[in-house]
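I have placed the structure first, in the form of structure tokens, so that the comments after it can refer back to it.
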Amino acid sequence: MRSSPKTFHVKSFGCQMNVYDGERMAELMAAQGLTAASDADSADLVVLNTCHIREKATEKVYSDIGRVRKAQAADGRKPMIAVAGCVAQAEGEEIVRRAQVDVVVGPQAYHNLPELVARAADGKAALDTDMPVLSKFGSLPRRRKVGPSAFLTVQEGCDKFCTYCVVPYTRGAEVSRPFAAIVDEAKALVDAGAREITLLGQNVNAWSGAEGGLDHLIRALDRIPGLARIRYTTSHPNDMTQGLIDAHRDVESLMPFLHLPVQAGNDRVLKAMNRSHTRDSYLRLIDRIRAARPDIALSGDFIVGFPGETEAEFTDTLSLVDAVGYAQCFSFKYSPRPGTPAADMADQIAPAVMEDRLARLQAALNRHQAAFNAATVGRTCQVLLERPGKLPGQLLGKSPWLQSVIVAGTGAIGELVEVEIASAGPNSLVAAPTIRAAA
Ligand code: 5AD
Ligand code: SF4
């Protein structure tokens, strides 16, 4: 027996879906009467919402558990530790054996967190990694207070089985939340202060409802009064329908930004990754998207050093980067994940080779990002102000193309202001307000 926690802290690692899940867990614990602690070192209950995508991310949870325990032990305290997220799903009881944590809860079961915490307080085993058919979303409390830019998970899971990726195993098969539930949550988010909503899913553009695909959902959300901006992420090239491309042309609140991972630029590598698109089909798709929305900012994910990748194959990735001209990107060294087909492939690439390729790829991506940012200087655009800046009088917001913008001297958080971009650095822009406020 141990006492029930009175304060909690949720720490999320990894992707934006984890950020969303972490927020929902915090709302759930607050609805149980627990108080949010400002950091993990002072909380009675520490929820670590973990990521399993690469080995480094997975190991982080174990070092964090040790760190929190040590910090609290110095004050004679022993927190209750709950491991949530994809490491919980993938490793289950192994985490209890390795780190003696109190609660293990998978990404599809976190609506049961209060019950699991109560069980742990009673000294009982508290592990739930079920993937129930009935969605957890119905059991979560209504959203009450959010910032100007909010996340909304509309789709979870993945049926694509890229050979390097753990997501189909940790998040399960592709499931779309029902249309009405999403529209309800979007309205609640707007009532709670959101002006921008980013629709989330591992394959968000695979979302489907009774009446149509993601484009249909976006057109419905566009009609919600007070919702100024819509974004969505992450997309798979094969689910990029003509309807969705057309929405980028027609729907004004749909922002001109698209995260469309390609992973590699060589067809043999793409086939070995089981990506089910080619270099050429991806480039033709980009052409169609740009025809619909010429100013769209493109983003992507890349993996270097996939098993068997030759130097010549890697240079195909570099030339694809030049052909597309991305506005921003994420790039990673291949990390073998237990249970995935690629982990058993011959010709694993030496760490030094991966290091070298990642540095060359990132130099190219940085060059394109700087060029994209520089090209926006002198343009007038709207910025959604989201938080205070570093210096007094500054506010930070996002441009339509998802660039961070520092705005001096005008507006309040939550406002859309019209600005002129004055200068551009590699990672952010500086803007001055134009005379006329946009909203
Ligand atoms: N190794 C390295 N990067 C990976 N990703 C997914 N699995 C792995 C892995 N085993 C990257 C992909 C994906 C992003 C979310 O993480 O680029 O798009
Ligand atoms: Fe992983 Fe591929 Fe699914 Fe993306 S599409 S989550 S990379 S399996």
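Is there any pair with a first residue in the stretch 9-27 that is within 16 Å of ligand 2 (Cβ to nearest atom) and a second that is aliphatic (A, V, I, L, M) and open to solvent by 50 Å² or more (accessible area, probe 1.4 Å) whose Cβ atoms are under 8 Å apart and which are 6 or more apart or on different chains, and what are they?
Within 8 Å, the pairs are Gly14/Ile53; Cys15/Ile53.
For the stretch 405-418, which residues satisfy the criterion of being closer than 25 Å to Arg367 by Cα and either in contact with a Pro (Cβ under 8 Å, 6 or more places away or on another chain) or surrounded by fewer than 16 Cβ atoms within 10 Å (Cβ to Cβ) (or both)?
Answer for the stretch 405-418, where residues must be closer than 25 Å to Arg367 by Cα and either in contact with a Pro (Cβ under 8 Å, 6 or more places away or on another chain) or surrounded by fewer than 16 Cβ atoms within 10 Å (Cβ to Cβ) (or both): just Val407.
I'd like the residue in the stretch 377-393 that is of a type outside the set (Gly, Ala, Ser) and surrounded by 14 or more Cβ atoms within 10 Å (Cβ to Cβ) and, out of all such residues, is farthest from Met255 (Cα to Cα).
So the residue we want is Val377.
Name every residue in the stretch 123-168 that is within 16 Å of ligand 1 (Cβ to nearest atom) and not in a strand (DSSP E or B), in order of residue number.
Matches in the stretch 123-168: Gly157, Cys158, Asp159, Lys160, Phe161, Cys162, Thr163, Tyr164, Cys165, Val166, Val167, Pro168.
Check whether at least one residue in the stretch 318-335 is open to solvent by 50 Å² or more (accessible area, probe 1.4 Å), of a type in the set (A, V, I, L, M), closer than 16 Å to Asn266 by Cα and in contact (Cβ under 8 Å) with a residue 24 or more places away in the chain, and report yes or no.
yes
Which members of the stretch 252-277 meet the condition of being buried (at least 16 other Cβ atoms within 10 Å of the Cβ) and assigned to a loop (DSSP other than H, G, I, E, B)?
Scanning the stretch 252-277 gives Ser253, Met255, Pro256, Leu260, Pro261, Val262, Ala264, Gly265, Asn266, Met273, Arg275, His277.
Within the stretch 356-373, can you find the residues that are farther than 29 Å from Ala412 by Cβ and either within 23 Å of the chain's Cα centre (by Cα) or touching a residue at least 24 places away in the same chain (Cβ under 8 Å) (or both)?
The answer is Arg357, Leu358, Arg360, Leu361, Gln362, Ala364, Leu365, Asn366, His368, Gln369, Ala370, Ala371.
Taking the stretch 198-221, which residues are under 14 Å from Leu152 (Cβ atoms) and away from ligand 1 (no atom under 16 Å from the Cβ)?
If the condition is that a residue be under 14 Å from Leu152 (Cβ atoms) and away from ligand 1 (no atom under 16 Å from the Cβ), then Leu199, Trp207, Leu214, Leu217, Ile218, Ala220, Leu221 are the ones that fit.
Please state which one of Thr198, Thr163 is within 16 Å of ligand 2 (Cβ to nearest atom), in contact (Cβ under 8 Å) with a residue 60 or more places away in the chain and open to solvent by less than 40 Å² (accessible area, probe 1.4 Å).
Thr163
Mind listing whichever residues of the stretch 261-285 are farther than 14 Å from Asn238 by Cα and among the small types (Gly, Ala, Ser)?
Answer for the stretch 261-285, where residues must be farther than 14 Å from Asn238 by Cα and among the small types (Gly, Ala, Ser): Ala264, Gly265, Ala272.
Look at Arg143 and say whether it is more than 16 Å from ligand 2 (Cβ to nearest atom) and either open to solvent by 60 Å² or more (accessible area, probe 1.4 Å) or free of Cβ contacts under 8 Å to residues at least 12 places away in the same chain (or both).
When the stated conditions are applied, Arg143 does not pass them.
When you scan the stretch 352-374, do you find a residue that is open to solvent by less than 20 Å² (accessible area, probe 1.4 Å) and within 15 Å of ligand 2 (Cβ to nearest atom), even just one?
No, the conditions are met nowhere in the stretch 352-374.
Go through Pro256, Pro307, Pro261 for me and flag whichever is closer than 17 Å to Leu402 by Cβ, within 16 Å of ligand 2 (Cβ to nearest atom), touching an Asp or Glu at 6+ places or on another chain (Cβ under 8 Å) and of a type outside the set (Phe, Trp, Tyr).
So the residue among Pro256, Pro307, Pro261 that is closer than 17 Å to Leu402 by Cβ, within 16 Å of ligand 2 (Cβ to nearest atom), touching an Asp or Glu at 6+ places or on another chain (Cβ under 8 Å) and of a type outside the set (Phe, Trp, Tyr) is Pro261.
So how many residues does the stretch 169-183 have that are free of Cβ contacts under 8 Å to residues at least 40 places away in the same chain, within 16 Å of ligand 1 (Cβ to nearest atom) and among the polar types (S, T, N, Q)?
So the answer is 0.
Kindly indicate the residue of the stretch 51-67 that is of a type in the set (A, V, I, L, M) and part of a helix (DSSP H, G or I) and also nearest to ligand 1 (Cβ to nearest atom) among those meeting that condition.
Across the stretch 51-67, the extreme among qualifying residues is Ala57.
Can you name the residue in the stretch 298-308 that is in contact with a helix residue (DSSP H, G or I) (Cβ under 8 Å, 6 or more places away or on another chain) and open to solvent by less than 10 Å² (accessible area, probe 1.4 Å) and, of all such residues, is farthest from ligand 1 (Cβ to nearest atom)?
Leu298
Take the stretch 201-225 and flag every residue that is assigned to a loop (DSSP other than H, G, I, E, B), open to solvent by less than 10 Å² (accessible area, probe 1.4 Å) and not small (Gly, Ala, Ser).
Matches in the stretch 201-225: Asn203, Trp207.
Could you tell me whether the stretch 28-50 includes any residue that is in contact with a helix residue (DSSP H, G or I) (Cβ under 8 Å, 6 or more places away or on another chain), in a helix (DSSP H, G or I), surrounded by 14 or more Cβ atoms within 10 Å (Cβ to Cβ) and touching a residue at least 60 places away in the same chain (Cβ under 8 Å)?
yes
From the list Pro141, Pro114, Pro132, exactly one residue is within 30 Å of Asp191 (Cβ to Cβ) and either at pLDDT 95 or above or of a type in the set (A, V, I, L, M, F, W, C) (or both). Which is it?
Just one listed residue meets the conditions, Pro114.
Do you know which of the residues in the stretch 336-349 that are of a type in the set (A, V, I, L, M, F, W, C) and open to solvent by 50 Å² or more (accessible area, probe 1.4 Å) is nearest to Ala297 (Cα to Cα)?
Once the filter is applied, the top-ranked residue is Met345.
The values are calculated or read from the model by the stated rules, or taken from the named source; none is laboratory data. What you are looking at is a predicted structure, and each value in this text was computed from that prediction instead of being measured. Because the Cβ atoms are built from the backbone with ideal geometry, glycine has one as well, and the counts that use them run over all protein chains shown. SASA here: full protein model, heavy atoms, side chains in, ligands and nucleic acids out. Shrake-Rupley method; radii C 1.70, N 1.55, O 1.52, S 1.80 Å.
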